[in-house]
Amino acid sequence: MLAAAVQVLEREGADRFTTIRVAEKAGISIGSLYQYFPNKAAILFRLQTDEWRQNGERLRGILTDSTRPPMERLREFVHAFIRSECVEARMRMALDEAAPRYREAPEAREPRVSGTLAVQAFLREVLPTVPEEKRALAGDMVMMTLNTLGKRLSEEDRTGEDIDARAGELADMFRAYLHQVAAAGPG
């Protein structure tokens with residue numbers, strides 16, 4: 001059912017995404033679909049939460065891979081984050097329309113909290129002499145910028161080349177910013 005839902009969303013778009021189309025694509029009755037998902041918002045929410053979990057695990061894995069230099073991990077993290085924002089844009093927009101309050105659900109909060117903890121741990125590694133309050137501010141600035149630009153970039157059709165170029169520039173900006181925060185030290 002979920003694979004069929006993804007196919008319908010990709011083929012039909014958010015405006016034409018319906019439970020009837022999902023059931024048809026899955027080859028099941030609408031009644032069978034409703035046994036698992038009471039409405040299209042529930043399907044979209046499940047797809048989105050699965051995406052958040054998978055993407056969150058991948059992003060945390062990048063940040064916590066201590067076998068690689070921190071700034072290399074940061075660059076890969078930014079690229080992966082921006083690409084994922086662009087890939088999941090259709091699903092996110094469809095879900096925003098179908099169930100605007102989904103972001104308050106526990107399933108939506110858990111990946112954000114987990115991601116925040118991974119970023120904080122990464123920044124403790126990169127900025128070990130910087131006070132916690134200043135590190136937390138740096139983490140907020142990085143994540144707010146990533147979220148805002150990721151959403152903005154995902155709202156327009158972009159080539160993979162364009163996405164990679166912008167992610168590379170953003171990673172360079174973060175690198176320079178973190179070097180500046182580290183150079184300022186504890187003061």
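The values are calculated or read from the model by the stated rules, or taken from the named source; none is laboratory data. All values derive from a computational prediction rather than experimental measurement. Because the Cβ atoms are built from the backbone with ideal geometry, glycine has one as well, and the counts that use them run over all protein chains shown. All accessible areas refer to the heavy atoms of the entire protein, side chains included, with ligands and DNA or RNA removed. Shrake-Rupley method; radii C 1.70, N 1.55, O 1.52, S 1.80 Å.
Sticking with the crude label model, points 7 Å out along Cα→Cβ, report the distance from Val87 to Glu169 in nm, one decimal please. Distance between the two pseudo-spin positions: 2.4 nm.
Measuring with a 1.4 Å probe in the full set of protein chains, what accessible area per residue, in whole Å², belongs to the chain? Don't skip to the answer; put the middle values down first.
On the way: 10540 Å² over 187 residues.
Here the per-residue accessible area is 56 Å².
Axis angle, to the nearest 10 degrees, between helix 106-126 and the longest C-alpha principal axis of the chain: 20 degrees. Note on the chain: GNM, Cα springs under 10 Å; of Val78, Val22, Val119, the largest mean-square fluctuation is that of Val22.
Residue separation of Ala136 and Arg112 scaled by 0.36 nm, minus their Cα-Cα distance, works out to 7.1 nm of gained length.
Need the full-extension length gain, Asn39 to Leu2, defined as separation in residues times 0.36 nm minus the C-alpha distance. One decimal, nm. Could you put the intermediate results ahead of the total?
Details: separation 37, 0.36 × 37 = 13.32 nm, distance 1.31 nm.
In short, 12.0 nm is gained.
Determine the relative contact order of the chain: mean sequence separation of Cα pairs under 8 Å and six or more apart, normalised by residue count, in whole percent. Don't skip to the answer; put the middle values down first.
On the way: 150 pairs, mean separation 46.7, N = 187.
In percent, rounded to a whole number, it is 25.
Full extension of the chain between His179 and Glu104 gives 23.5 nm of extra length, using 0.36 nm per residue less the Cα-Cα distance. State the percentage of accessible surface on the chain attributable to carbon and sulfur atoms; use a 1.4 Å probe and exclude ligands, DNA and RNA. Ligands and nucleic acids excluded, carbon and sulfur reach 54 percent. So what's the angle, to the nearest 10 degrees on a 0 to 90 scale, between helix 89-98 and the longest Cα principal axis of the chain? Result, in degrees: 60.
Diagonalise the Cα gyration tensor of the chain and give the resulting equivalent ellipsoid semi-axes, square root of 5 times each eigenvalue, largest first, whole Å. All intermediate terms of the calculation are to be shown ahead of the outcome.
Details: eigenvalues 271, 57, 34 Å².
Sorted largest first and rounded, they come to 37, 17, 13 Å.
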